[in-house]
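Colleague: What follows is a structure written as structure tokens; I'll ask about it next.
The values are calculated or read from the model by the stated rules, or taken from the named source; none is laboratory data. The structure presented is a predicted model; accordingly, all values stated were derived computationally and were not measured. Positions of Cβ are generated from backbone atoms using ideal geometry, with glycine treated the same way; all protein chains shown enter the neighbour counts.
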Amino acid sequence: MSRLQLLIAVLPLVFMLHDFEEIIFLGPWQRRGLPKLRGRFPRLSWLLARFERMSTTAFALAVAEQFVIYSAVTVLAIWWNWYFCWLALFAAFSLHLVAHVAQWLVVRRYIPAIVTTLLALPYCAFMTVKLVSIGAFTQREWVEWGAIGVGFSLVNLLLAHLITGRVFVSTRDSR
């Protein structure tokens, strides 16, 4: 395995480390943070209500499904040189981290995921610089596959939360 392939193989591990923080701190944060956010952002009460109903189990199941996809795509990328799909997920994950930073800046206090977001961003920045410097992808491929990755990830996330939300309804004792 080349050094670049080893760096590519790290993506599912970085993803999981990041999502561990979200899974572990989701329940306590929901109890403390959501009431404060409802007061500050009343127009987002419909979205915040959705987060309030989400159980940690449902969230963890959705994360597990995404982890399987990230892992499978990474293995296929390394074994069969199928790097475009890996790029799609990498771009989506990188933008996901940027979105967490934006959330943190708006909320101005701890949100589940910000610590590991700040730890994962250097990996994403390094990989982006590395892939650009070796010309692994054209600018057009970055944009096209990045858009595909974001689109796929949004649809997958919505479906995963919809399915797990129907199976695992939040109760105070399940958090």
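Colleague: Every residue in the stretch 28-59 that is out of contact with any strand residue (DSSP E or B) (no Cβ under 9 Å at 6 or more places or on another chain), surrounded by 18 or more Cβ atoms within 10 Å (Cβ to Cβ) and of a type in the set (Gly, Ala, Ser), please.
Modeller: If the condition is that a residue be out of contact with any strand residue (DSSP E or B) (no Cβ under 9 Å at 6 or more places or on another chain), surrounded by 18 or more Cβ atoms within 10 Å (Cβ to Cβ) and of a type in the set (Gly, Ala, Ser), then 33 is the only one that fits.
Colleague: Which of the residues that make up the stretch 1-19 are over 16 Å from the mean Cα position of the chain (by Cα) and not in a helix (DSSP H, G or I)?
Modeller: Within the stretch 1-19, 1, 2 meet the criteria.
Colleague: May I ask you to list pairs of residues, at least six apart or on different chains, whose Cβ atoms are under 9 Å apart, with the first in the stretch 128-155 being over 26 Å from residue 2 (Cα atoms) and touching a residue at least 24 places away in the same chain (Cβ under 8 Å) and the second being among the aromatic types (Phe, Trp, Tyr) and in a helix (DSSP H, G or I)?
Modeller: Correct list of pairs: 148/84; 153/93.
Colleague: Is at least one residue of the stretch 65-74 closer than 17 Å to residue 127 by Cα and β-branched (Val, Ile, Thr)?
Modeller: Scanning the stretch 65-74, I find at least one residue that is closer than 17 Å to residue 127 by Cα and β-branched (Val, Ile, Thr), so the answer is yes.
Colleague: While we're looking at this one, here's another question. Can you confirm whether the stretch 156-167 contains a residue that is modelled with pLDDT under 95, within 25 Å of residue 24 (Cβ to Cβ), loosely packed, with under 12 Cβ neighbours inside 10 Å and of a type in the set (Val, Ile, Thr)?
Modeller: Yes: one or more hits.
Colleague: How about the stretch 20-123: which helices (runs of 4 or more DSSP H) wholly inside it have at least 1 residues that are in contact (Cβ under 8 Å) with a residue 12 or more places away in the chain and either within 14 Å of the chain's Cα centre (by Cα) or within 22 Å of residue 147 (Cβ to Cβ) (or both)?
Modeller: Here the list reads 56-80, 83-107.
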